[in-house]
Amino acid sequence: MSVPDPVNAARTDSELEWVNRFARLPEAFYDRPLPAPFPGAACLATSPDLCGRLGLDPAELAEDPWLGACTHGSELPGAEPLASVYAGHQFGVFVPQLGDGRAKLLGEVRTSQGETWELQVKGAGPTRFSRGADGRAVMRSSVREYLVSEAMAALGVPTTRAVALFGSSLRVYRERIEPGAIVLRAAPSFLRFGHFEYFHYNGYSERLQELIAYALAHDYPHLQDAPDPVAAMLEEVIARTAEMIADWQAVGFCHGVMNTDNMSLIGLTIDYGPFAFMDAFDPGYICNHTDQGGRYAFDQQPQIAQWNLIRLAETLVIYFADATREAAIERAKALLQDFQPQYRHAWLLRMRKKLGLQTPQGDDEALIQELLARMAAEGVDYTRFFRQLPDLEQAETRSQLESELEDVGAWQAWWSRYQARLALEGQAAGERKAAMNAVNPKYILRNHLAQAAIEQAEAGDPSEVLRLQQILARPFDEQPEFEAYADLPPAWASGIQLSCSS
Ligand code: AMP
Ligand code: MG
């Protein structure tokens with residue numbers, strides 16, 4: 001298996017070093033899309049954190065060559081735009097060719113800190129893989145992806161990042177006519193399970209081997225010399241995915257479209273569409289209006305992740321180092337079976353912290369499950385409840401909560417168990433509260449908050465996007481001037497419908 005060398009290094013004004021590794025793969029991996037018009041392009045928002053990491057002055061994104069390169073495909077020294085091909089299981093059904101239908105990889109940059117980031121624009125026009133669609137993204141989905149990428153990063157959840165949001169006078173046809181937008185996003189790697197499925201199911205085994213070698217060289221270089229690098233890579237993808245899903249479940253995040261083409265090889269949350277942070281806790285919560293069967297309901301996410309990992313394993317197992325096919329399959333099965341225990345362990349670790357429990361005790365999981373059952377029965381707001389939990393030690397705050405509950409007796413029984421459990425901790429209440437506040441966010445991107453920012457952005461005003469970005473960059477901090485952003489959702493929020501249309 002040969003690994004392409006990083007060549008074609010070039011620098012732009014901001015001293016970014018372009019390495020463009022993916023572009024060195026054979027042409028079977030991608031298309032070189034044509035430029036497409038994006039009239040009246042304007043940079044509406046930039047991420048200070050990402051720009052800082054990339055060493056990119058945000059002002060540069062507002063003018064050429066960056067503005068033109070991100071929005072209508074004009075030249076940017078060093079960039080080599082391409083759209084990659086992939087496949088995927090969508091709602092359980094295999095689609096042999098998907099690919100970047102509306103995303104274009106500009107290339108990969110190496111920062112002065114030695115980090116490598118792939119830069120991708122989403123919504124910049126059609127590619128060979130658009131399947132008749134327009135290659136565009138609407139403002140509403142772009143604002144949501146832009147904001148949530150950075151919000152998830154601030155919450156400590158592995159995610160692709162957003163560098164900038166661009167608007168224009170372009171109009172896009174969905175259920176209604178909507179303004180088009182573009183997000184410049186970044187990730188160490190945008191490889192998806194679907195990339196492997198494309199070459200595997202279409203029988204392109206040589207190409208699949210090239211892709212595996214590429215992934216090992218660039219995304220898992222520490223495994224290249226392992227006795228069985230491909231099995232080791234699968235093992236690590238499983239471990240990273242388990243951690244990511246545990247983060248989602250702990251923070252109450254529902255992805256909405258966990259198709260295998262939306263699963264990252266390096267365990268990042270990717271392709272934000274009809275996602276949602278839960279308001280009232282409901283384990284069966286379905287955020288995607290299109291998902292009528294609830295395949296991607298909140299409580300299904302761990303097992304769907306495992307199902308998706310099995311699809312990835314099917315593409316990799318032939319390249320395990322085992323002497324026989326049977327032995328390789330047995331080993332893959334053993335690795336995959338480890339997903340659930342790894343996930344449960346990671347989830348329990350996070351949930352203990354949310355409850356202020358530092359030391360593990362045998363009954364912790366039962367205590368947590370009982371709380372979640374109570375929360376579901378009462379329809380308690382997931383984020384606000386955990387944020388408030390340390391304050392419930394004050395009788396006044398607790399009786400306020402109790403006045404809103406249906407089954408006060410069941411709650412009080414749980415509370416007594418919890419108090420007895422806390423007594424085993426030996427941590428002062430003040431210290432515990434600080435530790436709990438550092439893991440239980442006060443500010444999350446609720447749908448109604450995003451909605452307000454979207455409506456303004458659609459009218460050409462990004463100020464609410466910028467305000468939300470600022471608040472959500474510090475989700476665990478009290479920000480008294482923005483207290484209203486931590487309120488319960490208003491009644492109209494339950495009418496917001498999110499679908500795959502974006
Ligand atoms: P998503 O649901 O955004 O992950 O997209 C699923 C697949 O459909 C991906 O291959 C996308 O590239 C493609 N796709 C979605 N919307 C469009 C669009 N408006 N134009 C072209 N391709 C699209
Ligand atoms: Mg996708």
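I need the per residue convex hull volume for the stretch 395-476, using only the alpha carbons, in cubic angstrom as a whole number.
Expressed per residue, the convex hull around the Cα atoms of the stretch 395-476 is 132 Å³.
Filter the GluC sites (Glu not before Pro) in the stretch 99-184 to those in DSSP coil with at most 13 other Cβ atoms within 10 Å of their Cβ, and list the result.
Glu115, Glu175
Which of the trypsin sites (Lys or Arg not before Pro) across the stretch 144-245 are loop residues per DSSP, with 13 or fewer other Cβ within 10 Å?
In loop regions of the stretch 144-245 (DSSP not H, G, I, E or B), the sparsely surrounded trypsin sites (Lys or Arg not before Pro) are Arg176.
Between helix 139-155 and the chain, what is the angle of the helix's C-alpha long axis to the longest principal axis, kept within 0 to 90° and rounded to the nearest 10?
Its long axis makes an angle of about 60 degrees.
Out of Ala346, Gln249, His289, whose Cα points farthest toward the positive end of the dipole of the stretch 229-372 (charges: +1 Lys, Arg; -1 Asp, Glu; placed on Cβ)?
Ala346
When Tyr146, Tyr204 are ordered from fewest to most other Cβ atoms inside 10 Å of their Cβ, what list results?
Tyr204, Tyr146
Stretched out fully, how many nm does the piece from Arg32 to Glu63 gain, at 0.36 nm a residue minus the Cα gap?
Net length gain for the segment: 8.8 nm.
Do you know the Lys pair count in the chain for C-alpha distances under 22 Å, with sequence separation 8 or more or different chains?
So the count of such lysine pairs works out to 6.
Largest first and in whole Å, what are the equivalent-ellipsoid semi-axes of the chain based on the Cα gyration tensor, each being the root of 5 times an eigenvalue?
Taking √(5λ) for each eigenvalue gives 38, 29, 20 Å, largest first.
I need Ile182, Ile266, Ile310 ordered by Cβ neighbour count within 10 Å, fewest first.
Ile310, Ile266, Ile182
Cysteines of the chain lacking any other cysteine beta carbon under 4.7 Å?
Cys43, Cys51, Cys70, Cys500
To the nearest 10 degrees, how steeply does helix 463-472 sit against the main Cα axis of the chain, on a 0 to 90 scale?
Once rounded, one gets 60 degrees.
Stick to Cα atoms and the Kirkwood definition of Rh, then tell me Rg/Rh for the stretch 357-426.
Rounded to two decimals, Rg over Rh is 0.94.
Grab the DSSP H runs of the chain that are 4 residues or longer, score each as -39,500 (n - 2.57), total them, divide by all residues and round the 222 nm result to the nearest 500 deg cm²/dmol.
Rounded to the nearest 500, the figure is -12500 deg cm²/dmol.
Can you give the angle from 0 to 90° between the axis of helix 364-378 and the longest principal axis of the chain, with both taken from C-alpha atoms, to the nearest 10?
So the inclination is approximately 90 degrees.
Listing Leu98, Leu34, Leu191 from the residue with the fewest other Cβ atoms within 10 Å to the one with the most, what is the order?
Fewest to most other Cβ atoms nearby, the residues stand as Leu34, Leu98, Leu191.
For the residue pair Ser403 and Asp225, what label-to-label distance in nm results when each label sits 7 Å from Cα along the Cα-to-beta-carbon direction?
Taking the simple label geometry, Ser403 and Asp225 are separated by 6.7 nm.
Length gain on complete extension for the stretch Asp363 to Ser494, per 0.36 nm per residue less the alpha carbon to alpha carbon distance?
The Asp363-Ser494 span can extend by a further 43.6 nm.
Where the eigenvalues come from the Cα gyration tensor of the stretch 55-186, what are the semi-axes √(5λ) of the equivalent ellipsoid, largest first, in whole Å?
For the stretch 55-186, the ellipsoid semi-axes come out as 23, 19, 17 Å.
Would you mind working out the magnitude of the charge dipole of the stretch 357-426 relative to its Cα centre, with +1 at each Lys and Arg C-beta and -1 at each Asp and Glu C-beta, to the nearest 20 Debye?
With only Lys, Arg, Asp and Glu charged at Cβ, the dipole is about 120 debye.
Got a sec? Which residues in the stretch 63-98 would a label at Ile310 touch, if it sits 7 Å along Cα→Cβ and we count backbone N under 18 Å?
88-95
Readers should treat all values here as calculations from the given coordinates under stated rules, not as data from a laboratory. All values reported here derive from a predicted model rather than from experimental measurement. As a convention, Cβ positions derive from the backbone with ideal geometry for all residues, glycine included, and neighbour counts pool all protein chains shown.
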